[in-house]
Amino acid sequence: MPVLVQINSATTFTGFCGPHDNALFKPIDEGNLVPTREQVFLLHYRALCRELYLKRPSVMTNQLLRELDRGKPPTVQAMLQGLVTARRSVIDESIKQLEADKASGDRALLAQDYSVISGCFLVFRRLTTIACSGFTQPCYDFSGGQIQKINDMSRPLFNLSFTLLPNGSGGIAVFAWLQDADSVCRPFLTSLLAVADDRKSDALVQFVFDSFENYAAQPDWWDNLPVEAKTELEERMLNWTDMRPWDAKALVPGCRRFADWDFDTARWM
């Protein structure tokens, strides 16, 4: 379940040294997000770098799991070794795709050519009670439709970055992707925009708890949620893990209300 942390702990990514971080991300760290295409690119690039930074050590962590079958029956050993091998294939493919995306981002950054990025952002009139920055590979959209298969190793999974931040007197949700991911990410956003305006905030809360671990929420928002709403969000934190089967309808807004940030407008980039 969510725990209280200091605000600096909730917002710091240590993958870059201070001077380079300050210089590179100044357009998104100072002032409001418009957002310009450069700002959208930088939000995407930072989320991408963080994802790659965290993914690379998982190769070693996965390898350590091979030692867990010592003393177990042969059938259990075979199952565990098969699981570790399968996980290694998925991790390797994910890192390969992330490194290819970062190479594209590096070239764009050096050339200051931000046309490689596509995106969509939603503006809210009220301050968002959650902040999030993350990277994901959407497989099911906000209507429950499948847009890519996570277990299909014959083709790469397309990546999507997501940033949710307070912005001035309201809030903004920014989705971004490289243009070669347009066939997956654009339908995903189209399904979100089709959600009723007064349910878009609920849909985004579900998306955050379902898809990411790098987010922070205002304590009073969490404390004031009904017990049933808290329980559902805590259960959503297990989605897409080994502890819960995949749920095609996970992002479809249900009867539960989580937030109302008063949706204003949306724009494609």
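The values are calculated or read from the model by the stated rules, or taken from the named source; none is laboratory data. Quick caveat, the model's predicted, so the values are computed rather than measured. Reconstructed Cβ throughout: ideal geometry from the backbone, glycine too, with neighbour counts over all protein chains shown.
What is the number of the single condition among (1) at pLDDT 95 or above; (2) closer than 24 Å to R37 by Cβ; (3) out of contact with any His (no Cβ under 7 Å at 6 or more places or on another chain) that Q97 does not meet?
(1)
So A217 ticks every box in (1) buried (at least 17 other Cβ atoms within 10 Å of the Cβ); (2) over 19 Å from the mean Cα position of the chain (by Cα); (3) not basic (K, R) but one. Which box is left unticked?
(2)
Can you tell which of T36, T12 is closer than 19 Å to L165 by Cα and at pLDDT below 65? Walk me through how you get there before you give the answer.
Numbers: T36 fails: at pLDDT below 65.
After applying the criteria, what remains is T12.
If N167 meets every condition in (1) over 19 Å from F135 (Cα atoms); (2) at pLDDT 95 or above; (3) of a type outside the set (A, V, I, L, M) apart from one, which number is that one?
(2)
For the list (1) over 26 Å from P27 (Cβ atoms); (2) modelled with pLDDT of 95 or more, I need the number of the one condition that V174 fails.
Answer for V174: the failing condition is (1).
Could you check G170 against (1) out of contact with any helix residue (DSSP H, G or I) (no Cβ under 8 Å at 6 or more places or on another chain); (2) more than 18 Å from A266 (Cβ to Cβ) and say which number it fails?
Result: G170 fails condition (2) only.
Filter the stretch 160-171 for residues that are more than 19 Å from G145 (Cβ to Cβ) and crowded, with 22+ Cβ neighbours inside 10 Å and give the result.
Taking the stretch 160-171 and keeping what is more than 19 Å from G145 (Cβ to Cβ), we get 161, 163-171.
If the condition is that a residue be more than 19 Å from G145 (Cβ to Cβ) and crowded, with 22+ Cβ neighbours inside 10 Å, then S161, T163, L164, G171 are the ones that fit.
Filter the strands (runs of 3 or more DSSP E) completely within the stretch 151-269 down to those with at least 2 residues that are aliphatic (A, V, I, L, M).
Numbers: elements: 160-167, 170-178, 215-217, 263-268.
By residue number, 160-167, 170-178, 215-217.
How do the pairs read when you match residues in the stretch 186-214 that are modelled with pLDDT under 95 with residues anywhere that are β-branched (V, I, T), using Cβ under 7 Å and keeping only pairs 6 or more apart or on different chains?
S211/T136; F212/T136
Yes or no, residue by residue, for (1) modelled with pLDDT under 95; (2) surrounded by 13 or more Cβ atoms within 10 Å (Cβ to Cβ); (3) within 21 Å of N159 (Cα to Cα):
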| site | (1), (2), (3) |
| --- | --- |
| A23 | yes, no, no |
| L43 | no, yes, yes |
| P57 | yes, no, yes |
| L65 | yes, yes, no |
| D69 | yes, yes, no |
| K72 | yes, no, no |
| A78 | yes, no, no |
| T85 | yes, no, no |
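Filtering the stretch 173-202 down to residues that are in contact with a helix residue (DSSP H, G or I) (Cβ under 7 Å, 6 or more places away or on another chain) and surrounded by fewer than 20 Cβ atoms within 10 Å (Cβ to Cβ), which residue is farthest from R236 (Cα to Cα)?
Per the stated criteria, the residue is Q179.
Going through the stretch 220-250 one residue at a time, which ones are within 27 Å of V40 (Cβ to Cβ), at pLDDT 90 or above and either exposed (fewer than 11 other Cβ atoms within 10 Å of the Cβ) or out of contact with any helix residue (DSSP H, G or I) (no Cβ under 6 Å at 6 or more places or on another chain) (or both)?
Answer for the stretch 220-250, where residues must be within 27 Å of V40 (Cβ to Cβ), at pLDDT 90 or above and either exposed (fewer than 11 other Cβ atoms within 10 Å of the Cβ) or out of contact with any helix residue (DSSP H, G or I) (no Cβ under 6 Å at 6 or more places or on another chain) (or both): just W221.
Taking the residues in the stretch 113-136 that are touching a residue at least 40 places away in the same chain (Cβ under 8 Å) and outside any strand (DSSP E or B) as candidates, determine which candidate is nearest to Q218 (Cα to Cα).
Initial filter on the stretch 113-136 (touching a residue at least 40 places away in the same chain (Cβ under 8 Å)): 114-136.
Those left that are additionally outside any strand (DSSP E or B): 114-116, 125-129.
Working: Y114: 33, S115: 35, V116: 34, R125: 17, R126: 14, L127: 11, T128: 9, T129: 5 Å.
Only one residue fits best here, namely T129.
Out of I117, I130, report the one residue that is aliphatic (A, V, I, L, M) and under 16 Å from the mean Cα position of the chain (by Cα).
Numbers: I117 fails: under 16 Å from the mean Cα position of the chain (by Cα).
That would be I130, the only listed residue that is aliphatic (A, V, I, L, M) and under 16 Å from the mean Cα position of the chain (by Cα).
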